Amino acid sequence: MVTPAVKREAVAHLKAHLGLSERRACEIAGADRKMVRYQSQRAPDTALRGRLRDLANERRRFGYRRLFVLLRREGEASGINRIYRLYREEGLTVRKRKARRKAIGTRAPILIEARANARWSLDFVHDQFAGGQRFRVLNVVR
C-alpha cells in the first residue's frame, strides 16, 4: 500500500521532470487529483512534539502509553491516538537494554588448598520414591 505522501511526490516528479499535466500524472501514479492538491489544516504541534521528545529522552524505557500518562498528569488534553501518531512521526521507540558484558578470556581455576577442610561444597538433591513421596537431601563435600 502506497501512502498519499508518496503518491504526491510521484505526481510532482512526473510533472517536473517529464512535463506531464497534473491529470495525466495522477492517472499514471494512480492518485486522485483532490488528494494531490490537498493541504493539511492541522496545527504543527511543535510544543507537544518537543515535550514528548524531552520525556522520551528522560525516560528511555517508557513507551508511548506511559508517556501519555505523564503528559496527562502535566495537563495535556490530547488523546492517546494523537500521542501515538506524534510518537511514531518523531521516530521515537523504546530503547533496548544494553546486554550484560560477558566474561572475557578463560576463568581462573579454583586453587586446591593444601590443608584439610579448606574447601567445602554444598548441594541440595531431591528425588521421589515409587510411592510418590518426595525427599530432599543436603550433600556436603569437604
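Screening the candidates 42, 53, 73 for the property of being surrounded by 10 or more Cβ atoms within 10 Å (Cβ to Cβ) and at pLDDT 85 or above yields one hit, 53. Scanning for something among the hydrophobic types (A, V, I, L, M, F, W, C), without any contact (Cβ under 8 Å) to a residue 60 or more places away in the chain and in contact with a Ser or Thr (Cβ under 9 Å, 6 or more places away or on another chain), does the stretch 95-104 turn up at least one residue? No, that holds for no residue. For the stretch 1-39, the candidate set comprises residues that are assigned to a helix (DSSP H, G or I), in contact with a Cys (Cβ under 9 Å, 6 or more places away or on another chain) and not hydrophobic (A, V, I, L, M, F, W, C); within that set, the residue that is surrounded by the most Cβ atoms within 10 Å (Cβ to Cβ) is 7.
When 130, 118 are screened for being surrounded by 10 or more Cβ atoms within 10 Å (Cβ to Cβ) and of a type outside the set (D, E, K, R), only 118 passes.
Candidates in the stretch 95-114 are the residues that are over 30 Å from residue 56 (Cα atoms) and charged (D, E, K, R); of these, the one that is surrounded by the fewest Cβ atoms within 10 Å (Cβ to Cβ) is 107.
Considering each residue of the stretch 62-78 in turn, at least one proves to be closer than 30 Å to residue 4 by Cβ, assigned to a helix (DSSP H, G or I), among the aliphatic types (A, V, I, L, M) and outside the structural domain of residue 9 (by TED's automatic domain parsing). Taken as a whole, the structure places residue 48 among residues that are surrounded by 15 or more Cβ atoms within 10 Å (Cβ to Cβ), in a helix (DSSP H, G or I), under 26 Å from the mean Cα position of the chain (by Cα) and touching a residue at least 12 places away in the same chain (Cβ under 8 Å). Inspection of the stretch 86-94 identifies at least one residue that is part of a loop (DSSP other than H, G, I, E, B), within 30 Å of residue 57 (Cβ to Cβ), without any contact (Cβ under 8 Å) to a residue 24 or more places away in the chain and under 39 Å from the mean Cα position of the chain (by Cα).
The values are calculated or read from the model by the stated rules, or taken from the named source; none is laboratory data. Computed from a prediction, not measured in an experiment: that's the story for all the values here. Because the Cβ atoms are built from the backbone with ideal geometry, glycine has one as well, and the counts that use them run over all protein chains shown.
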